[in-house]
Amino acid sequence: MNKGTDIKSLSMDELRLETEKMGEKAFRAKQLYEWMHVKLARDYDEMTNIPKHLRESLAREYPYTSLKEVTVQVSKIDGTRKYLFALSDGNYVESVWMQYHHGNSVCISSQVGCRMGCRFCASTIGGLERNLTPAEMLDQIYAISKSTGERVSNVVVMGTGEPLDNYDNLLRFIHMATDENGLNISQRNITVSTCGIVENMRRLADEKLQITLALSLHGSTQEKRRELMPVADKYDINQVIAACRYYYEQTGRRVTFEYSLVGGVNDTDADAENLCRLVGGLNCHINLIPVNPIQERDFVASERSDVLNFKNKLERKHINVTIRREMGKDIDGACGQLRRRKHLEI
Ligand code: SAH
């Protein structure tokens, strides 16, 4: 028997093989899968139609991923909830639940920490601790779904971590979250955000999924991008844009660009003009996000008038652009701040 196999990260087919090895009938796999991924059981004890002896041997042989809610902060403005979860090894991850007209959306983390080093981002300050398993990514959605009692229809992989730096686990997570035997979320309702790891953007394009790719651009030229994102030392901005074009060609999915506006750094008229030129002719959508200042860095958000001016400049060139609505402004702090605060406490 495969002692220690991460049972909640197994696909239905793999689980069938595993239960076969245990000498169990095929229907057990279906029952187990349903308990884990539909009924969202928090432990084996909840699986009441599985015989006790089997539950006990499962508990001995297969560790069961189940995140523990440490804190939840609820926004008084818009009901956004920010969760801090403890993993079984004592690490923490944060996830966010947001309500929109079109449904409920969860923002999940893909790693504990991050090694990408973006200068304005709190998640990367302590470096990368480890990758999250597929089960740990799924369980952020499951735990939130249980806690709110509501169905999650959209998932954005935009929390702590670089999802394309944890490629295999990310891909397995996507397949499992969209599995009709599990949560059955539509691929079109999943967005993966990357700082721009070119080979893996192309690899993802070749998977021909229907998920949305979001690229964190933040600079309109190679030089500007390098000031904010060390990953730009490795990949030139033109290579990154070419990979976005390739993603669109392979999947037919419009690419999203995230552009965090940093006062006096990337929000000038010249920046807007360069940005128009850079993405010209590409079927895309640009999200403008006034940067969320973090304690450890001295970046400031752009003035409201500069944000509007920037948006107008893009619109005049017929580029789809929105200013991202800031959710949970009263509870938030920037990406990765909650986990970081917890880290400093202990
Ligand atoms: N590593 C991935 C996903 C995680 S970050 C990526 O880089 O895309 C999710 C988004 O939040 C990215 O666009 C990131 O650049 C942005 N972000 C991080 N810290 C921020 C801050 N302090 N203010 C505004 N946006 C921030």
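Read-outs throughout are calculated quantities, based only on the coordinates presented, and are distinct from any laboratory measurement. Everything quoted here is computed from the prediction, not taken from an experiment. Cβ placement follows ideal geometry from the backbone for every residue including glycine, while neighbour counts extend to all protein chains displayed.
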What does the helix-only formula give at 222 nm for the chain: each DSSP H stretch with n ≥ 4 adding -39500 (n - 2.57), the total divided by the residues, and the result rounded to the nearest 500 deg cm²/dmol? -11000 deg cm²/dmol
Based on the mean of other beta carbon atoms within 10 Å per residue, what is the order of 301-314, 105-118, most packed first? 105-118, 301-314
Need one number for the range 1-133: average projected area of the convex hull over its C-alpha atoms, nm². 10.8 nm²
Could you state the number of Å between the C-alpha centres of the range 116-164 and the range 38-98? 14 Å
For the chain, take the longest principal axis of its alpha carbons; what is the angle in degrees between that and the long axis of helix 134-148, to the nearest 10 within 0 to 90? 90 degrees
Beyond 31 Å, what share of the Cα-Cα pairs of the chain is found? Please give it as a whole percent. 35 percent
Longest principal axis of the chain (C-alpha) makes with the long axis of helix 198-207 (C-alpha) an angle, in degrees to the nearest 10, of 50 degrees
For the range 252-317, give the magnitude of the charge dipole about the Cα centre (Cβ charges: +1 Lys/Arg, -1 Asp/Glu; no others), in debye to the nearest 20. 440 debye
Longest principal axis of the chain (C-alpha) makes with the long axis of helix 52-61 (C-alpha) an angle, in degrees to the nearest 10, of 50 degrees
The range 135-255 -> Rg/Rh from Cα coords, Kirkwood Rh, value 1.00
What list of ³J(HN,Hα) couplings, whole Hz, do you get for the range 29-38 from phi and the Karplus terms 6.51, -1.76, 1.60, once you set θ to phi - 60° and write x for glycine and proline? 4, 5, 4, 4, 4, 5, 4, 6, 10, 10
Starting from the amide H of Asn104, placed 1.01 Å from N in the peptide plane, find each other amide H under 5 Å away whose residue is 5 or more places distant or on another chain. Ser153, Asn154
How high is the relative contact order of the range 43-119, in percent, with contacts defined as C-alpha pairs under 8 Å that are six or more residues apart? 17 percent
Is the range 1-54 rounded, prolate or oblate when judged by the Cα gyration tensor, a ≥ b ≥ c being the square roots of its eigenvalues, rounded requiring a/c under 1.5 and prolate requiring a/b larger than b/c? rounded
In nm, spacing of pseudo-spin labels at Arg325 and Asp298 (7 Å Cα→C-beta vector): 3.6 nm
Scale the Cα Rg of the range 181-241 by the rule-of-thumb value 2.2 N^0.38 Å and send over the ratio, two decimals. 1.32
Percent of Cα-Cα pairs more than 26 Å apart in the range 78-194, please. 14 percent
Kindly give Rg over Rh for the range 190-346, based on alpha-carbon atoms, with the Kirkwood expression for the hydrodynamic radius. 0.97
Using alpha carbons only, how many angstrom separate the centre of the range 303-326 from the centre of the range 174-190? 33 Å
A chain fully extended from Arg188 to Asp236 at 0.36 nm per residue, minus the present Cα-Cα distance, gains in nm 14.4 nm
